[in-house]
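Heads up, the thing below is written out as structure tokens.
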Amino acid sequence: MAKAYFPEVSKTIAYEGPQSKNPLAYKWYNPDQVVAGKTMKEHFRFAIAYWHTYKANGTDMFGPAAWNRPWNTGNAIKIAQNALDANFEFVQKLGLEYYCFHDRDIAPEGNTIAESRKNLQAIIELARKKQDETGIKLLWGTANLFSNPRYTHGAGTNPDFNVFAYAAAQLKDAIDATAYLGGENYVFWGGREGYETLLNTRYKQETSQLAALLRLAVEYKKKIGFKGQFLIEPKPKEPTKHQYDFDSATVIAFLKSHGLDKDFKLNIEANHATLAGHTFEHELTVAAADGKLGSIDANAGDVLLGWDTDQFPVDIYSTTKAMLVVLENGGIAPGGFNFDAKCRRGSFDTLDLFYAHIGGIDAFARGLLVADKLIKDKALASIVDERYATWKDDLAKKVLSKKATLEEVAEYAEEKGEPARKSGRQELLEIIVNDYLLAQ
Ligand code: XUL
Ligand code: CO
């Protein structure tokens, strides 16, 4: 292994079980443990996010860089090479298999499209060697179409076609890079694909442009034979006041109205769900209901702060509810759980990166174990099945299969008379979840 950027951890983090007091060990994530027919490793396919882990430096609106990141030495190309070494060392030391990046995280932007492409190609050449040496894989790649000032008014949705074209060129290179590295997915997060004011915005024009960019990408993907899954990551606001990919329901409707629904699934991020006024499990459920649950950006917000704080997920009540949806969905592969999360500004040591990831990984492993037990024992299903029992009746089935008439249903209702009211048992269900969590 190249120079050690993380000397505080000398060997791969191991599973030591719930009794362990070692903060540099997994207490619940046991990669080879089989749960619901799959190993934990197969369930999660955890990934490290390049941007938060290696590129973020603790800058916020009130202060400059505050983190110790020993790979940030030398010119931009050298820093990119160092960060690549840091990535493979870190992923290996956590005992994980995947990472994710934006084009501009892994390689610096040049002065021209050609120069940026050259920088990217040089770095992915090295990345591919390191992937081959370590067995570490790319969960997904993406293009950063939001940081450069040229994208201030959007990339695909920019009112200037020249910016649209520039974004298309960058997107093409990012898809090529992802394909070259065997990326299992490719993510589209519409960083500034939205508006600040409708006074200067043609909504229909901009959303059609977005659909056009996605269509060009789909056609290109087919042309080059890239097999990765395309994913759209909904977010309601931030950086723009209104983002077009607002939430799962909005994105699904958008894909359907532009004939793109067969080519995309969704990448659901917990903090984006809460910004949309939804729970994480709501967004997962809506995506899953349409067969569109593709991947997860694992993080959490803060109920007292209304922005995308991208914290590490530690709330096992939330991870349990999320894993109930994921298990019912039959998993999310070829997607995975990408830690789109960063340490707080005050957690500036590289050691904090280990604590943060171990905490998030264990929180999801606990969620998986509790959700699995709840499902196996039919602890919730026995009550929920009863709620929907009358939909098993012949006429109800005819209604769902579009074979009944309104007159038939009306006649049935008249015969039956006033329906008996039934409790939804919400409080009981909440107690059951608590009991299972605490029994762990
Ligand atoms: C921003 C966000 C992005 C995407 C990838 O809120 O989540 O990092 O995950 O562009
Ligand atoms: Co994200």
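The values are calculated or read from the model by the stated rules, or taken from the named source; none is laboratory data. Treat the numbers as computed from the prediction; the structure is a model and nothing was measured. We place every Cβ from the backbone using ideal geometry, glycine too, and count neighbours over all the protein chains shown. Side chains included, ligands, DNA and RNA excluded: accessible areas come from the protein's heavy atoms. Shrake-Rupley method; radii C 1.70, N 1.55, O 1.52, S 1.80 Å.
A single entry from THR157, THR178 fulfils the requirement of being part of a helix (DSSP H, G or I), in the same structural domain as GLU115 (by TED's automatic domain parsing) and in contact (Cβ under 8 Å) with a residue 12 or more places away in the chain: THR178. Can you spot a residue in region 332-343 that is in a helix (DSSP H, G or I), away from ligand 2 (no atom under 16 Å from the Cβ) and touching a residue at least 40 places away in the same chain (Cβ under 8 Å)? No, every residue in region 332-343 fails to be in a helix (DSSP H, G or I), away from ligand 2 (no atom under 16 Å from the Cβ) and touching a residue at least 40 places away in the same chain (Cβ under 8 Å).
Among the residues of region 276-287, those that are out of contact with any strand residue (DSSP E or B) (no Cβ under 7 Å at 6 or more places or on another chain), within 16 Å of ligand 2 (Cβ to nearest atom) and either under 22 Å from PHE230 (Cβ atoms) or open to solvent by less than 20 Å² (accessible area, probe 1.4 Å) (or both) comprise ALA276, PHE280.
Under the condition of being in a helix (DSSP H, G or I) and either outside the structural domain of GLY346 (by TED's automatic domain parsing) or open to solvent by 70 Å² or more (accessible area, probe 1.4 Å) (or both), the residues counted in region 62-78 number 2. Pairs linking a residue in region 265-277 that is in contact (Cβ under 8 Å) with a residue 60 or more places away in the chain to a residue that is among the β-branched types (Val, Ile, Thr) and away from ligand 1 (no atom under 11 Å from the Cβ), with Cβ atoms under 8 Å and 6 or more positions apart or on different chains, do not occur. Considering only region 293-307, how many residues are open to solvent by 20 Å² or more (accessible area, probe 1.4 Å) and either within 13 Å of ligand 2 (Cβ to nearest atom) or within 16 Å of the chain's Cα centre (by Cα) (or both)? Of the residues in that region, 2 qualify. When the residues of region 94-151 are narrowed to those that are within 16 Å of ligand 1 (Cβ to nearest atom) and hydroxyl-bearing (Ser, Thr, Tyr), which ends up farthest from LYS27 (Cα to Cα)? Out of the qualifying residues, it is TYR151. Taking the criterion of being farther than 21 Å from TRP189 by Cα and hydroxyl-bearing (Ser, Thr, Tyr), the residues of region 68-121 that qualify are THR73, THR112.
Scanning region 28-61 for residues that are aromatic (Phe, Trp, Tyr) and open to solvent by 70 Å² or more (accessible area, probe 1.4 Å) yields a count of 0.
Answer yes or no as to whether LEU324 is modelled with pLDDT of 95 or more, assigned by TED's automatic domain parsing to the domain that holds LYS55, open to solvent by less than 10 Å² (accessible area, probe 1.4 Å) and away from ligand 1 (no atom under 16 Å from the Cβ).
No; evaluated as a whole, the condition is false for this residue.
Between GLN81, GLN92, the distinction of being open to solvent by 60 Å² or more (accessible area, probe 1.4 Å) and within 24 Å of ASP176 (Cβ to Cβ) belongs to GLN81 only.
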